[in-house]
Amino acid sequence: MTHFRNTLVLFLLAIQVFAQTTSLPRSSTPEAEDVSSQAIINFLDAAAKTNHEFHSIMILRHGKVVAEGWWNPYRADLKHTLYSVSKSFTATAVGFAVAENKLSVEDKVISFFPEDAPVEISPYLADLRIKHLLSMSVGQATDPTGDVNREENWVRKFLSIPIAYEPGTKFLYNSAATYTLSAIVQKVTGQRIADYLKPRLFDPLGITGIDWETDAKGINTGGWGLRLKTEDMAKFGQLFLQKGQWQGKQILPATWIEEASTAKIDQDPAAPQVKKDSSDWLQGYCYQMWRSRHNSYRADGAFGQYILVLPEHDAVIAVTSESSSMQNELNLVWKYILSAFSKEKLSANAKKAKELKARLAALALPLPAGKTNAAQEAAVTGKTFGIISSDRRLESFRLDFRNGVCQLTLNTDSATHAFQFTPGKWEKAETDKFGPYLVARAKHNRVGLSPFKIAESYRWADDKTLELTLRYIESPHTETIRCTFDGEYASLDFENSFNKSIALHLKGVEKKPVANAPKLIIRGDDMGFSHSANEALIKSYRQGIETSIEVIVPSPWFPETVKILNRNPRVDVGLHFAITSEWDNVKWRPLTDCPSLRNADGYFYPMIFKNRNYPGQAVVDNPWKLEDIEKELRAQIVMARKYIPQVSHISGHMMSTAFTPEVKALAQRLAKEYNLPMVDVDAEKTLAISYTGFDMRNKTTEQRIRAFIDMLDKLEAGKTYVFVEHPGIDNDELRAIYHIGYEDVAQGRQDVTTIFTSEKVKEAIIRKGIALVSYEDVLSAKK
């Protein structure tokens with residue numbers, strides 16, 4: 001028993017020592033470190049009167065925490081998105097690599113990526129060095145980050161963008177340059193920078209639980225994407241203040257700290273001195289840090305994430321927030337907190353220190369305040385509203401009010417998100433739904449980071465308007481969702497920092513359950529034959545009812561098709577096997593050497609069956625060979641699969657898969673071999689899919705919309721149907737595309753796009769209880 005007690009004492013002592021070594025020391029009072037409690041109170045008072053939304057603050061002096069606070073629902077134990085504060089950590093990884101002789105800041109960037117360098121290497125690119133990436137002086141004319149992070153290979157794209165100015169001579173903020181630093185460190189160390197920094201930086205400083213976004217190749221994004229806690233930010237700043245020393249050990253060389261924190265380039269040499277004196281963005285740029293006024297420097301992230309290092313005051317300030325005016329936010333810090341640091345010894349002020357402690361403990365963001373609305377809650381509870389607006393991001397939503405909780409359920413085409421909002425308090429939860437984000441368009445953004453911690457509350461703004469506040473409390477951002485009710489209709493407005501002027505507005509209609517509802521595939525054909533078709537087909541999917549898209553692989557706009565579909569990976573795609581090129585003014589050729597399918601000019605014939613307008617120019621007019629069709633079908637399947645991963649089936653362009661029994665048998669055999677079902681060959685028999693349609697001839701646009709809606713009434717319960725048409729846009733390009741006997745291509749196909757994106761059509765589908773499905777949905781259900 002004595003041995004057990006001794007062991008327990010040693011264990012508890014070990015925990016205490018560990019806690020001492022992983023947490024920053026706390027001061028008994030601010031005045032003990034010559035910091036004015038009243039000045040910090042003044043800062044809190046001033047901050048409360050501004051539009052800046054502070055989430056946390058931690059103030060260190062002489063290595064000790066003198067004040068710390070989190071505005072509820074933000075908390076000390078939560079990570080926070082840092083945005084470009086991440087850059088300073090990336091530069092620190094470079095510093096460690098330099099110290100370990102793995103690289104030099106003078107190394108040329110292209111030396112690390114010979115496989116990704118452009119064929120023609122310009123003199124400026126040849127001379128681009130790591131130090132230019134570090135100092136944001138690459139020399140590119142505009143920030144390339146948005147173009148870079150939408151590609152699969154970010155390094156290759158970055159190196160392909162022309163350098164307009166001699167590296168090192170012109171400042172341009174460039175997050176893609178920071179990403180490239182991350183890629184370089186990973187290249188020379190064999191580790192992501194997050195893993196490389198763990199034993200060198202994070203472990204010694206006691207920083208745990210971090211995460212950092214990667215691109216699709218597994219490289220940390222470098223210029224953004226790091227999430228860690230406020231105290232971790234303060235530790236990083238203190239390490240720099242201490243010239244790289246931590247608890248008596250030299251973690252990072254002091255020479256690197258000095259190199260990284262001194263100005264390397266003037267952001268705007270031509271700016272008048274009066275402008276520079278009032279700006280913290282014109283004091284000079286270091287290595288992924290900014291020089292600031294008052295002889296300080298900082299790590300700096302969008303919307304007000306800061307690590308301020310003030311050597312003259314032996315102080316560090318860490319801030320997280322959401323601010324639309326970062327300079328004004330810093331002005332508050334300079335006006336109130338800077339004045340808190342006394343050069344003289346301060347007397348104890350227990351009363352003010354106690355007041356400050358209480359104020360910091362009680363910090364909270366305002367809760368939504370509103371009135372109760374029991375009648376409206378009872379009227380809408382349990383109802384589902386189908387979205388009829390031209391936006392595919394949401395299919396329907398449902399509200400349920402029970403026991404003082406409002407449950408909102410959002411249904412997309414691929415996921416369901418449920419939220420629990422409470423009035424007068426924050427309901428804490430987690431969600432997989434992505435929230436507002438500055439880099440939301442980057443490929444692979446936030447992959448692997450969910451679930452996201454949230455805080456939820458609701459209020460009734462008026463009798464018809466429900467306001468739901470959804471805070472992403474590991475991020476700077478909040479989403480406000482307003483539900484407005486009007487009889488059978490309800491609308492949702494999503495507002496956040498990125499769309500305050502134009503909120504996402506979605507209109508819905510009550511969706512009543514229908515037993516054994518008919519299913520309907522809305523199929524858009526011929527993607528790839530024109531730019532107009534490509535735009536219309538993806539619009540019909542993203543903003544309309546289209547569920548499956550058929551692609552002509554040998555068509556002239558196939559490369560663009562690939563890019564569009566890669567940006568829309570959830571859309572169902574079919575290979576639209578083509579052995580004809582029917583238009584007079586645009587043609588395409590086979591992928592293979594199949595002479596029996598080519599005309600004298602090497603193009604596909606325009607028609608499969610005899611056509612009096614094109615005598616002798618149909619496939620059946622010529623000695624076609626089955627082996628040529630097999631060769632071409634195989635090639636188109638391979639090409640489609642190579643570039644479009646979501647291909648789920650094969651369809652036939654102009655009956656290419658079934659114009660003779662032999663061709664039909666061939667198509668079925670290859671479909672089985674490649675495990676891609678043939679949806680145009682005996683579909684009713686093999687897949688239980690029936691065709692539906694209406695006569696579009698001699699009708700106005702509105703009459704065609706009405707005819708489509710009337711067609712929906714003929715769909716029988718329990719059955720699956722497919723409606724096939726060809727979306728397009730009535731523009732100069734499509735007006736130039738036609739063949740004899742079909743001259744109104746542009747107007748007719750524009751009407752298809754209009755039908756597919758019509759709110760009237762969407763509303764009719766919802767009211768009739770029809771379930772929109774894709775071929776992939778139907779095929780998956782049969783497996």
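Below are the figures for this structure:
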read-out	value
Meets criteria (over 24 Å from residue 547 (Cβ atoms), exposed (fewer than 15 other Cβ atoms within 10 Å of the Cβ) and more than 16 Å from the chain's Cα centre (by Cα)) for residue 458	no
Complete set of residues in the range 251-290 that are without any contact (Cβ under 8 Å) to a residue 40 or more places away in the chain and on the phi > 0 side of the Ramachandran plot	284
Pair list, Cβ under 7 Å, 6 or more apart: the range 639-665 residue closer than 10 Å to residue 678 by Cα and among the polar types (S, T, N, Q), other residue part of a helix (DSSP H, G or I) and open to solvent by less than 60 Å² (accessible area, probe 1.4 Å)	648/775; 648/779; 657/663; 657/667
Pair list, Cβ < 6 Å and 6+ apart or interchain, from the range 202-215 residues that are touching a residue at least 24 places away in the same chain (Cβ under 8 Å) and on the phi > 0 side of the Ramachandran plot to residues that are among the β-branched types (Val, Ile, Thr) and surrounded by fewer than 21 Cβ atoms within 10 Å (Cβ to Cβ)	206/22
Condition broken by residue 428, with the remaining ones in (1) in a strand (DSSP E or B); (2) more than 22 Å from residue 74 (Cα to Cα) satisfied	(2)
Index of the failed condition, residue 223 passing every other in (1) open to solvent by 10 Å² or more (accessible area, probe 1.4 Å); (2) part of a loop (DSSP other than H, G, I, E, B); (3) under 30 Å from residue 116 (Cα atoms); (4) in contact (Cβ under 8 Å) with a residue 40 or more places away in the chain	(1)
Set 64, 49, 87: member being open to solvent by 40 Å² or more (accessible area, probe 1.4 Å) and either at pLDDT below 95 or within 21 Å of residue 327 (Cα to Cα) (or both)	49
Some residue of the range 676-684 being of a type outside the set (Lys, Arg), part of a loop (DSSP other than H, G, I, E, B), at pLDDT 95 or above and out of contact with any Gly (no Cβ under 8 Å at 6 or more places or on another chain)	yes
Qualifying residue in the range 359-369 (condition: surrounded by 13 or more Cβ atoms within 10 Å (Cβ to Cβ), touching a helix residue (DSSP H, G or I) at 6+ places or on another chain (Cβ under 7 Å) and either free of Cβ contacts under 8 Å to residues at least 12 places away in the same chain or farther than 22 Å from residue 476 by Cβ (or both))	yes
Qualifying positions in the range 519-555 - open to solvent by less than 10 Å² (accessible area, probe 1.4 Å) and basic (Lys, Arg)	523
Close pairs (6 angstrom Cβ cut-off, 6 or more residues apart or separate chains): at negative phi and of a type in the set (Asp, Glu) in the range 398-409, open to solvent by 40 Å² or more (accessible area, probe 1.4 Å) and part of a strand (DSSP E or B) anywhere	400/407
Helices (runs of 4 or more DSSP H) (entirely within the range 711-783) containing at least 2 residues that are in contact with a helix residue (DSSP H, G or I) (Cβ under 8 Å, 6 or more places away or on another chain) and either in contact (Cβ under 8 Å) with a residue 40 or more places away in the chain or open to solvent by less than 10 Å² (accessible area, probe 1.4 Å) (or both)	732-735, 745-756, 759-767
Among residues of the range 122-149, those that are hydroxyl-bearing (Ser, Thr, Tyr) and open to solvent by less than 30 Å² (accessible area, probe 1.4 Å), counted	3
Of all residues in the range 166-178 being crowded, with 21+ Cβ neighbours inside 10 Å and out of contact with any strand residue (DSSP E or B) (no Cβ under 8 Å at 6 or more places or on another chain), the one that is farthest from residue 244 (Cα to Cα)	176
The range 298-315, residues that are in contact (Cβ under 8 Å) with a residue 24 or more places away in the chain and surrounded by fewer than 21 Cβ atoms within 10 Å (Cβ to Cβ)	302, 311, 314
Test result for residue 318, touching a residue at least 40 places away in the same chain (Cβ under 8 Å), closer than 27 Å to residue 228 by Cα and of a type in the set (Gly, Ala, Ser)	yes
Strands (runs of 3 or more DSSP E) contained entirely in the range 485-583, each with at least 1 residues that are without any contact (Cβ under 8 Å) to a residue 60 or more places away in the chain and of a type in the set (Asp, Glu)	489-495
Checklist (1) within 21 Å of residue 439 (Cβ to Cβ); (2) without any contact (Cβ under 8 Å) to a residue 24 or more places away in the chain applied to residue 115, failing item	(1)
One residue from 458, 472, 437 being in contact with a Gly (Cβ under 6 Å, 6 or more places away or on another chain) and at pLDDT 95 or above	472
Set 195, 211: member being open to solvent by 10 Å² or more (accessible area, probe 1.4 Å), at pLDDT 95 or above and within 19 Å of residue 77 (Cα to Cα)	211
Residues that are free of Cβ contacts under 8 Å to residues at least 60 places away in the same chain and out of contact with any Lys or Arg (no Cβ under 7 Å at 6 or more places or on another chain), drawn from the range 599-610	599, 600, 601, 605, 607, 608, 609, 610
Only one of 389, 396, 414 that is open to solvent by 30 Å² or more (accessible area, probe 1.4 Å) and over 30 Å from residue 45 (Cα atoms)	414
Residue 409, sole failed condition from (1) surrounded by fewer than 18 Cβ atoms within 10 Å (Cβ to Cβ); (2) outside any strand (DSSP E or B)	(2)
Flag for residue 453 being open to solvent by 10 Å² or more (accessible area, probe 1.4 Å), more than 20 Å from residue 324 (Cα to Cα) and in a loop (DSSP other than H, G, I, E, B)	no
For residue 152: the one exception among (1) open to solvent by 50 Å² or more (accessible area, probe 1.4 Å); (2) touching a strand residue (DSSP E or B) at 6+ places or on another chain (Cβ under 6 Å)	(2)
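Okay, residues lined up against (1) of a type in the set (Lys, Arg); (2) in contact with a Phe, Trp or Tyr (Cβ under 9 Å, 6 or more places away or on another chain):
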| residue | (1), (2) |
| --- | --- |
| 181 | no, no |
| 193 | no, yes |
| 200 | yes, yes |
| 206 | no, yes |
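To keep it simple, each residue is scored yes or no on (1) surrounded by 20 or more Cβ atoms within 10 Å (Cβ to Cβ); (2) of a type in the set (A, V, I, L, M); (3) under 18 Å from residue 364 (Cα atoms).
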| residue | (1), (2), (3) |
| --- | --- |
| 444 | no, no, no |
| 465 | no, no, no |
| 475 | yes, no, yes |
| 482 | no, no, no |
| 493 | no, no, no |
| 510 | no, no, no |
| 514 | no, yes, no |
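The values are calculated or read from the model by the stated rules, or taken from the named source; none is laboratory data. Here the structure is a predicted model, which is why all the values come from computation and not from measurement. Heads up, the Cβs are rebuilt from the backbone with ideal geometry, glycines too, and the neighbour counts pull from every protein chain shown. Calculation scope for accessible area: heavy atoms of the full protein, side chains included, ligands and nucleic acids excluded. Shrake-Rupley method; radii C 1.70, N 1.55, O 1.52, S 1.80 Å.
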